[in-house]
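Notes for the one structure printed next.
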Amino acid sequence: MQKPRNNKTLLLKNKSDRTESSKKWLLRQLNDPFVQKAKDLGYRSRAAFKLLEIETKFKLLKPGAIVIDLGAAPGGWSQVAVEKVKAHGKVLAIDLQAIDPIPQVDIMQLDFMTEDAPQIISDRLGGSLADVILSDMAAPSCGMSDVDHIRIMALLEAVCEFSFMALKPGGSIVAKVLRGGAEAQLLAQLKKAFRKVSHFKPNSSRKESAEMYLVAVGFRGK
């Protein structure tokens, strides 16, 4: 009869699992061409290339546009956005954690899901509505696909709810989802609210990753 493992054994196993996971992550980073490319070009994360691919396909970030980047840390998407909207545009980067300054990007440490956040953000933009709302947010993965999907769908719903208040007519949303895309009910709501709704997986998104992006363009207004 096998003896039950004691707490010390479990702790050692958990530590071993974490060490092995860290090694795999480090190896993946070292072998990832987008990680090195991001360093070479001065982007804060490889995620910048995902937005660059999305922009190449959909052309959402026009010069002079107002962009809100939700969950912006460490700032890779905001860097791309400010390059595209140029000096007469505006990028507002929002995150729960502090973000190191980015040239020409306005940064707010704020939970956009709080009741008073839309008004605080509107005041920061001088009452203007956004042309584009970006979200590369993902809830921490627990390793259970069903739970992970529920968590990221909750984030997507929050982004959409915020966008309905903060987008100007004709505006667009780009938001992360997981494989399978948006739920049918939310997708139906978005198709009523926007002229076109698509799902897109950039080449720079790792093949083994379940992430993809929802792109909704042509907001019909409140």
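For this structure, a couple of remarks:
- Figure legend. Inter-residue proximity from the range 115-128: first residues in contact (Cβ under 8 Å) with a residue 12 or more places away in the chain, second residues of a type in the set (A, V, I, L, M, F, W, C) and surrounded by fewer than 16 Cβ atoms within 10 Å (Cβ to Cβ), beta-carbon distance below 8 Å, spacing 6+ or different chains. Indicated pairs: 118/165.
For (1) part of a loop (DSSP other than H, G, I, E, B); (2) surrounded by fewer than 17 Cβ atoms within 10 Å (Cβ to Cβ); (3) not acidic (Asp, Glu), each residue gets a yes or a no:
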position	(1), (2), (3)
44	yes, no, yes
51	no, no, yes
68	no, no, yes
102	yes, no, yes
115	yes, yes, no
149	no, no, yes
156	no, no, yes
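- Residue match in the range 160-179 (condition: part of a loop (DSSP other than H, G, I, E, B) and either open to solvent by less than 70 Å² (accessible area, probe 1.4 Å) or touching a helix residue (DSSP H, G or I) at 6+ places or on another chain (Cβ under 9 Å) (or both)): yes
- Test for residue 202: is it open to solvent by 50 Å² or more (accessible area, probe 1.4 Å), under 27 Å from residue 108 (Cβ atoms) and outside any helix (DSSP H, G or I): no
- Answer from 209, 172 - the residue that is within 16 Å of the chain's Cα centre (by Cα) and free of Cβ contacts under 8 Å to residues at least 24 places away in the same chain: 209
- If you go through the range 56-66 and keep only what is touching a residue at least 60 places away in the same chain (Cβ under 8 Å) and either surrounded by fewer than 24 Cβ atoms within 10 Å (Cβ to Cβ) or more than 21 Å from residue 122 (Cα to Cα) (or both), you end up with 57, 58, 60, 62, 65, 66.
- The residue that is modelled with the lowest pLDDT, among those in the range 181-195 that are open to solvent by 70 Å² or more (accessible area, probe 1.4 Å) and either outside any helix (DSSP H, G or I) or touching a Phe, Trp or Tyr at 6+ places or on another chain (Cβ under 8 Å) (or both), is 183.
- Subset of the range 117-137 [under 13 Å from residue 67 (Cα atoms), surrounded by 16 or more Cβ atoms within 10 Å (Cβ to Cβ) and not hydrophobic (A, V, I, L, M, F, W, C)]: 124, 131, 135
- Taking every residue in the range 39-51 that is farther than 15 Å from residue 84 by Cα and at pLDDT 90 or above and pairing it with any residue that is of a type in the set (D, E, K, R) and surrounded by fewer than 19 Cβ atoms within 10 Å (Cβ to Cβ), at least 6 positions away or on another chain, the pairs with Cβ-Cβ distances below 9 Å are 44/100; 46/32; 46/37.
- Scope the range 115-140; condition of a type in the set (Ser, Thr, Tyr) and closer than 28 Å to residue 212 by Cβ; matching residues: 135
The values are calculated or read from the model by the stated rules, or taken from the named source; none is laboratory data. Not measured: the values here are computed from a predicted model. Note: ideal-geometry Cβ built from the backbone for every residue, glycine included; neighbour counts use all protein chains shown. Accessible surface areas use protein heavy atoms only, side chains included; no ligands, DNA or RNA. Shrake-Rupley method; radii C 1.70, N 1.55, O 1.52, S 1.80 Å.
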